[in-house]
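**Student:** Got a structure for you, questions after.
Bear in mind that the values in this text are calculations on the coordinates, not laboratory data. Predicted model, so just to flag it, every value in this text is computed and none were measured. Neighbour counts run over all protein chains shown; Cβ positions are idealised from the backbone, glycine included.
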């Protein structure tokens, strides 16, 4: 009869290994000359996702039965030197296990839906390869016990999300929006990478057991003083803001709706948009160590919730309206985390993710039902004046409507005051480098002849 430690190890390996097996199998199958049929692909997805779900549920049941609240599984040391070591470790605690169960449950639901929704779609197998990559990233990030392992899952989620936004790559707008999403994710990834570098510089490793306290979540204490917690905490907040579309990075969220409905539901309604909140929950001891960081998190969450509530009310398509409604709740969840309500935020996150998944999947049929109801009545459904229409004057309503419709002008602000100056500096550096190399060579280079400055608005006119 195997002992408890052996059973826990087996369940842990199955939980983390099932999405890896799914990714490898679908990735190899996509390269074959004769790809598996749609039904075979759906069966492979079902087997792997159900296996991971059952293993994670078994882990939860075993931990509740034995009273274990923190289990760590180490998968070897990949690098070790005097001031640095890199170990892939998985943790099963009160935060990671529920989030892993949520990931398997919702991904399984979306997989079953997508198997029929994408029937005879030319990119059917490509979708499920990226879908499996997303599951692998979510489970890896959920179970990570080192910041390096977390970063691996974080990158996989970002890559698969951006590629699925640009899924219909034969049209220009999905590709453009996919690049916009990827650009924001790059800022988020850079902040998380800098936080990892800072932690390694301060402590020489990225193990959460030492950095965030040996006690089970959420009772750990960060091994950082207030100044160090401020630096690391602000970087973590930037990383979470980019991934969860918090202000000022909210502009990419409606652009992500260019992807297929299954990816919109699983990424930006349920899981990916909550990954930033999960990151804040994981680093909650760091937030507690700095009052300034906690205040920033609360303010950011409340501002995002108010902004998203305004924007959701004026969207002209149902997917964008649902995405901003989802962002409203994400902002409230982030504010709860900043106020220290860790379990409230976790329960709110789990319930909200399930609700939004069902709403996204039901969205298209809701529009059909609404149209059928209007046809039966012979006119548009009656609408009553809202609270804001009764208390605001027409000019004020028009101003707020314009503000919400333009999504707070966040895209324009980032383009004019962040992206454009950044590109101007890079182009100036490139021009300076070409002049320097041409001067050293004594003649203009072929690259200088080929490069022409971009036309300005006056040139076009």
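**Student:** Using only DSSP helix segments of four residues or longer, with each worth -39500 (n - 2.57), what per-residue ellipticity at 222 nm results for the chain after dividing by its residue count and rounding to 500?
**Tutor:** Numbers: 20 runs with 320 residues, N = 461.
Calculated from helices alone, the mean residue ellipticity at 222 nm is -23000 deg cm²/dmol.
**Student:** OK, next. Counting other C-beta atoms within 10 Å, which of 201, 70, 176 has the fewest, and how do the rest follow?
**Tutor:** Ascending number of Cβ neighbours within 10 Å: 201, 176, 70.
**Student:** Right, another one. Order of 409, 401, 131, 185 from fewest to most other C-beta atoms within 10 Å?
**Tutor:** 409, 401, 185, 131
**Student:** If the viscosity is 0.890 mPa s and the temperature 25 °C, what Stokes-Einstein diffusion coefficient in µm²/s follows for the range 77-189 when Rh is the Kirkwood radius over Cα pairs?
**Tutor:** Answer, rounded: 156 µm²/s.
**Student:** Using Stokes-Einstein with the Kirkwood hydrodynamic radius over Cα pairs, what translational diffusion coefficient do you get for the range 213-274 at 4 °C and a viscosity of 1.567 mPa s, in µm²/s rounded to a whole number?
**Tutor:** Details: Rh = 13.8 Å.
Translational diffusion coefficient: 94 µm²/s.
**Student:** Quick check on the exposure proxy: order 33, 89 from fewest to most C-beta atoms within 10 angstrom. Could you put the intermediate results ahead of the total?
**Tutor:** Details: 33 4, 89 20.
Result, fewest neighbours first: 33, 89.
**Student:** Would you compute, for the Cα atoms of the range 197-314, the largest minus smallest coordinate along each principal axis and list the three values in descending order, in whole Å?
**Tutor:** That works out to 46, 27, 24 Å along the principal axes.
**Student:** Continuing with this model, one more query. Rg to Rh for the range 10-156: what is it, with Cα atoms only and Rh by Kirkwood?
**Tutor:** With Rh from the inverse mean 1/r over Cα pairs, Rg/Rh is 1.02.
**Student:** Given R₀ = 45 Å, what would the calculated FRET efficiency be for residue 62 paired with residue 187, taking r from the Cβ atoms and rounding to 0.05? Don't skip to the answer; put the middle values down first.
**Tutor:** On the way: r = 40 Å, r/R0 = 0.89.
Result of the calculation: an efficiency of 0.65.
**Student:** Over the chain, consider all pairs of different Cα atoms and compute the Kirkwood hydrodynamic radius from their mean reciprocal separation; express it in Å, one decimal.
**Tutor:** After inverting the pairwise mean of 1/r, the radius is 24.1 Å.
**Student:** Another question, if that's okay. Quick one: compute a quarter of the convex hull surface over the Cα atoms of the range 242-382 and quote it in nm².
**Tutor:** The Cα convex hull of the range 242-382, projected and averaged over all directions, gives 8.8 nm².
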